[in-house]
Structures are given as C-alpha cells and as structure tokens.
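Comments concern the structure below.
The values are calculated or read from the model by the stated rules, or taken from the named source; none is laboratory data. Fair warning: this is a prediction, and the values are worked out from it, not measured in the lab. Cβ placement follows ideal geometry from the backbone for every residue including glycine, while neighbour counts extend to all protein chains displayed.
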Amino acid sequence: MKTILRLSYFIIALIPVFLTGCKEQLKEDYYNPDNSQTASVETLFGKFSTLSRYHMQYWDLTTLQKSTVGVYTQILGYQNGLNRYNPSDTYVLDHWNRFYTEILQLYREIETKYNSLDETKKADYRHMMIAADAILINELVKKTDMWGEIPFSEAGYIRNSNQIIFPKYDSQQDIYTFMLNRLRENAVFLVSKPQSTTLGSTMLTKFDFVYSGNTSRWQKFTNSLRLRLLVRVKGTAEMGAAANQEISTILNNPVQNPLIESNADNAIISSKGPNLFAIDNQHEGGPRGGFAGVVAGKAMLDVLKKGTFLDPRLQVMFSKNRNGNYAGINPLSTATQDVSDSLNHNLYSFIDSTAMRFNNFLPGVLYTAAETQFLKAEILQGAAAETAFKTGIKQSIDWYYYVRNLNTKNNGVEVGTITPPTDAQKEDVATYYFTNYYQNPNIGKDEAIGIQRWIHFGPLQMYEAWSDMRRYNHPVLRYIEDSGQTPKPLDRFKYPSKEYADNMNMSQQIKDNDKFYNKVWWDK
C-alpha cells in the first residue's frame, strides 16, 4: 500500500491534466469536462462518473474476468489446464492498485473539495455527492467481496495529509455497515429534497455521464444498491435481522423507496460515439481485444438451448460454430487436446461479435432492472415472487437486444439491427422457465432464480455473478478438481504479495487469514 499511496501524490497532482485528455467526442447533451483546467467538484465528478466503464477495458477483461471470475462462474468456457483457478499475483496487484489510485483516490479528492465548501455551495453540490457515493459503493462492494477485509476508512487521504499513510484494514462487516448507512442516509435525503438547486442541477446535468442529471433516477439507483447489499448480508448473524427489516421497508413502500424496475432507468454509462474517452473500444484496449477468443461454456448453453427450446438471448450472447450449431466447452472434459483441436477448427460458439466484441457502443453496466426483479423473486413469496421472476426474464431479454441493437456493424461490416422478440414470445420464454425450472420439484425456486441471475449478469457483469453465486449457492455447477495449489474455484482472492511489504498496518491476523478458501464474511 505504501507504493500505491506514494503514487497518489503524482496522480492527484495530475488530475487537471488527466481530465484534459479527451476531446469533443460526446453529443451536445453531454458537457465535456476537459474544457476545464481546474480540479473542482464537478470536473472531478465528470471523470469519476465514467470509471465504472473500466470493466469493459482490455486489461480487466483479459487479466481477471476471462481468466478467473469467468471461469469460476462458468459464464465463459475454459480448458482444464493446470492451475486454471489460480490468479496471477501481478494482475491482482494491478486491479488492487487501480482501485486505490484511480477510484478511491479520486473520490477522496471530490469529498475533500466538497467538504471545503460553505453551506450554500454544499447545498448546490449535495446531489452530485450522492451520485458520487453510489458510484463509489458500486465499486467498493466489488473489492471487499473479492478480498474481504481491505483498507478503506483511512485509505486515499494522502493528498491532504502530506505524509506516508499505512491505512488499517477494515472488516467487511464494517465496510458493509458504512455502505448501507450512507445509502440509507442519501435515500432519506432524496425523499425530502428530490431536486437539486438551480446551479446544482445545471452542474449535475453537464457532468453526469450516467443519468444526465436526473435525480429521480439516482434515487432509484441508490435504493437498488441498498437492496443488492441488503440481500447479500441478510443471511449473516450480525446484520441479518436488521437487513431483512430494511428489505421489507423498501419493498413495502415503493413511493418512498423507488427502485430500478424499468430498463429505461438502468444505471449504465452509454457510449455516445465510437471513440468515447471512457473506453478505448476502437482498438485492442477495449472489448475487441478483451473479448477476443472468448468461448461459450457448455453449462450455460445447456440452459439456453434445450431440446426444441431456444432462449432468444442466446443469439445475442454467443455465435454459432462453423457447422451452424451452438456448442460450448464442457467444464468436465479432461481431453485438453480434443478441446484445443475443436477451438482451432471453430467448433465452439464464441461470444457474439456484433453485440459485444465489436460493439463500439457497448455500455458500462452498473445496475439493470432485471436484477431488481430477481432479487424480489428471491425475497417474496407466492404470486408476487412468480410475477417478479417472469418479469425479470422478459426484462433481461429486452436488455440484451437493446445492447445488440446499439451496434449495426460487425468489425466494420454493416449488419443492421435484429428484430427483438414480441411480447408474446417473451411471455412464452418466461412461462417455459417458470414451468420447467421454478415449479419443477427437482430444481425449485432458488435454483431457477440463480440460473436466471447467472444468465442475466452474463459476460457484462461477471463480478456480480461471482458474488451472487458465492452468497446464494445457485446455480449449482460442477467442476473438475485441479491438481495444483488451487483445486477448485476460489472463495476470495489473496492480497497482492507487494501489499505485505508496503503496508505496515497489515496485521498478523490479516496475513494468517489470507487464504484462497477462507470465505468472506457474508459467505461463512
């Protein structure tokens, strides 16, 4: 951590320059933060509100998502080679560093700038800080779910302390408590003051790359994040009772606690042009490099295509092989040479190139409506749960076709859009899953919901899928044991080895518990 914190001096000093690297790539309804040479709350927020798109960059897709979480979740196909579950310490360090030197450091700078304002100015920027809180928490929860205990409460403040800081490790329970308290506080504030001041509204509209200043949608995202986090901890001894009570409060009072329940309210960062600065998707820095060679897994294809049933999401998630069929790598196969030969002869389905790999308009995804529906289906009972389950499937279908039809070219070749399923067709799909999975006594409600969340998160939200599968234990998947040091998919990442040397506040207890198969707090 010492190295990370020292780097932060340099990074923060360059923030005004960092914000000048983008040119006018955006539509007129987006204000370009690079026109400003001053690091103010709004210019810093403009950059901060795009950071969730880094999950669609080459380094993240290739170094962690394809090689680890995509394998652990079987969202992607993989070969059963030695140490296939073992992450690279170098890549884990890179991911760790980027959180602390980009996301958290930038948030702390926004926080410091905001706290230095007088009360009138704070009122102008209050809604912008609520938006910044939601973006931070959306990333922070991913990091604590990867490692468990991480530095947070004392991390990221070096810019204002002028000294080397060795931040303490916070327990995951404390981090979840912070996140839920902050989201609850912000949700309550938005009920009393749903709109910002005139100046605040103008600034938020100009610099908000998620919702373009729409505070009612930030309110829905805030509450939806609350619901995601509450469901994740509702089974814990320490927070379970309070979490279940708060879940009931949210669901029983939708007027006071609105959620993202329509795809129109999805929390995404849209690409407004093929060269949007938020992602280098015109060359190897984006999905075309990150999704290169990504093959479908057999487990997911076996659900999406079964007998005469064909889920319409399949054709916008994965391509057919050279023989015109859908085929994924069997995770239970030990015939690695046969798998390699099949790959070389294009006998497997690859990730859909138009919808994802060559999609220059591929959005960064924070939260979508189908997730809300599947969470409600898990929590509720009877007809309400059944309705939420079916609605989630239909919204998931709509979402994937929306993503596909953002793009009309496949690697530069015009291919146009494709016709989405009709309402009747979507209803048939939802009914199929409800009848054959949800109501099937050999499968049941929990497995049916887990399968649908797994499919919906898919290649665009693999980190969420990994957290959800560890917590919910669904869907149930099978793996072959590896003879290396990591015999099965991990329960958590180990801290980067460099952190041991750099952070003098890394206690012996933290070190002793730093094992791949020591589950994170909410998973115990």
(message) Looking at Phe350 and the list (1) closer than 27 Å to Asp482 by Cβ; (2) surrounded by fewer than 22 Cβ atoms within 10 Å (Cβ to Cβ); (3) in contact with an Asp or Glu (Cβ under 8 Å, 6 or more places away or on another chain); (4) not polar (S, T, N, Q), which single condition is not satisfied?
(response) (3)
(request) Scan segment 297-328 for residues that are under 19 Å from Phe457 (Cβ atoms) and either among the aliphatic types (A, V, I, L, M) or over 29 Å from the mean Cα position of the chain (by Cα) (or both) and jot them down. (result) Ala299, Met300, Leu301, Val303, Leu304, Leu314, Val316, Met317
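How about segment 468-477: which of its residues are surrounded by 22 or more Cβ atoms within 10 Å (Cβ to Cβ) and within 19 Å of Asn138 (Cα to Cα)? Break it down into steps so the answer makes sense when it comes.
We begin by selecting, within segment 468-477, every residue surrounded by 22 or more Cβ atoms within 10 Å (Cβ to Cβ); these are 468-469, 475.
Passing the criteria: Asp468, Met469.
Please determine, by comparing only the residues of segment 349-363 that are in a loop (DSSP other than H, G, I, E, B) and modelled with pLDDT of 95 or more, which one is nearest to Gln461 (Cα to Cα).
To start, the set of residues in segment 349-363 that are in a loop (DSSP other than H, G, I, E, B) comprises 349, 352, 358-363.
So of that shortlist, the ones also modelled with pLDDT of 95 or more come out as 349, 352.
Numbers: Ser349: 20, Asp352: 16 Å.
Filtering segment 349-363 for residues that are in a loop (DSSP other than H, G, I, E, B) and modelled with pLDDT of 95 or more, the one nearest to Gln461 (Cα to Cα) comes out as Asp352.
For the structure I just gave you, tell me whether Ser171 is modelled with pLDDT of 95 or more and within 22 Å of the chain's Cα centre (by Cα).
Values: modelled with pLDDT of 95 or more: yes; within 22 Å of the chain's Cα centre (by Cα): yes.
In short, yes.
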(request) Could you tell me whether Asp118 is buried (at least 18 other Cβ atoms within 10 Å of the Cβ) and assigned by the TED database to the domain that holds Arg232? (result) no
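Could you check segment 225-315 for helices (runs of 4 or more DSSP H) lying wholly inside it with 2 or more residues that are at pLDDT 95 or above? Before you say what the answer is, go through the steps one by one.
On the way: elements: 240-252, 287-290, 298-304.
In segment 225-315, the matching helices (runs of 4 or more DSSP H) lie at 240-252, 298-304.
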(request) Answer yes or no: is there a residue in segment 171-181 that is of a type in the set (Phe, Trp, Tyr) and closer than 30 Å to Trp466 by Cα. (result) yes
(message) Can you report the number of residues in segment 330-348 which are touching a Ser or Thr at 6+ places or on another chain (Cβ under 8 Å) and aliphatic (A, V, I, L, M)?
(response) 1
(request) Hey, can you tell me all the residues within segment 402-425 that are at pLDDT 95 or above and buried (at least 20 other Cβ atoms within 10 Å of the Cβ)? (result) Val403, Arg404
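One line per residue, one yes/no per condition, for (1) farther than 29 Å from Leu82 by Cβ; (2) in contact with a Phe, Trp or Tyr (Cβ under 8 Å, 6 or more places away or on another chain):
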{"site": "Ile449", "(1), (2)": "yes, yes"}
{"site": "His456", "(1), (2)": "yes, yes"}
{"site": "Ala465", "(1), (2)": "no, yes"}
{"site": "Asp482", "(1), (2)": "no, yes"}
{"site": "Pro489", "(1), (2)": "no, yes"}
{"site": "Tyr495", "(1), (2)": "no, yes"}
{"site": "Lys498", "(1), (2)": "no, no"}
{"site": "Asp523", "(1), (2)": "no, no"}
(request) Residue by residue through segment 111-132, note down the ones that are of a type outside the set (Gly, Ala, Ser) and either under 26 Å from Asp502 (Cα atoms) or part of a loop (DSSP other than H, G, I, E, B) (or both). (result) Glu111, Thr112, Leu117, Asp118
(message) Could you go through segment 478-489 and let me know if any residue there is in contact (Cβ under 8 Å) with a residue 24 or more places away in the chain, over 25 Å from Pro167 (Cα atoms) and crowded, with 21+ Cβ neighbours inside 10 Å.
(response) yes
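Okay, residues lined up against (1) at pLDDT below 95; (2) within 18 Å of Asn266 (Cα to Cα):
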| site | (1), (2) |
| --- | --- |
| Gln337 | yes, no |
| Thr372 | no, yes |
| Gln381 | no, no |
| Gly392 | no, yes |
| Trp399 | no, yes |
(request) Report the residue count in segment 392-416 for those that are touching a Phe, Trp or Tyr at 6+ places or on another chain (Cβ under 9 Å), in a loop (DSSP other than H, G, I, E, B) and of a type in the set (S, T, N, Q). (result) 2
